[in-house]
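Each value in this text was obtained by applying a stated rule to the coordinates, not by laboratory testing. Being a predicted model, the structure only gives us computed values, none of them experimental. A quick note on method: Cβ atoms are made from the backbone with ideal geometry, for glycine too, and the neighbour counts reach across all protein chains shown.
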Amino acid sequence: MKYPTEEEWRCRKCGTLLGIHRGESVHVKHKRAQLVVRGHVMAVCPRCAELNETDTTPPTDDARPAA
């Protein structure tokens, strides 16, 4: 199934692909394991061991500081 928005999640240090943002979830594949997760996601890069974080829910207008 194709999602209207797909965005790559890459390691901030070396650029290794860690997962794909699809809608309100992240699809993570490593060797034979495949995970679909929602919320706050943390992953250690298999190439450089950098800890990476992402969030699957877009920020709400209430969370933004007042200007």
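Summary of values
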{"quantity": "For the stretch 6-18, Karplus couplings with θ = phi - 60° (6.51, -1.76, 1.60), whole Hz, Gly/Pro x", "calculated": "10, 9, 6, 10, 10, 4, 6, 9, 10, x, 5, 5, 9"}
{"quantity": "Calculated from backbone phi, Karplus (6.51, -1.76, 1.60) coupling profile of the stretch 34-42 in Hz, x at Gly/Pro", "calculated": "10, 10, 10, 10, 10, x, 7, 10, 10"}
{"quantity": "Cα pair distances of the stretch 6-57 binned at 10 Å [whole percent]", "calculated": "27, 60, 13"}
{"quantity": "Local electrostatic count, Cys11, Cβ distance below 10 Å [Lys/Arg +1, Asp/Glu -1]", "calculated": "+3"}
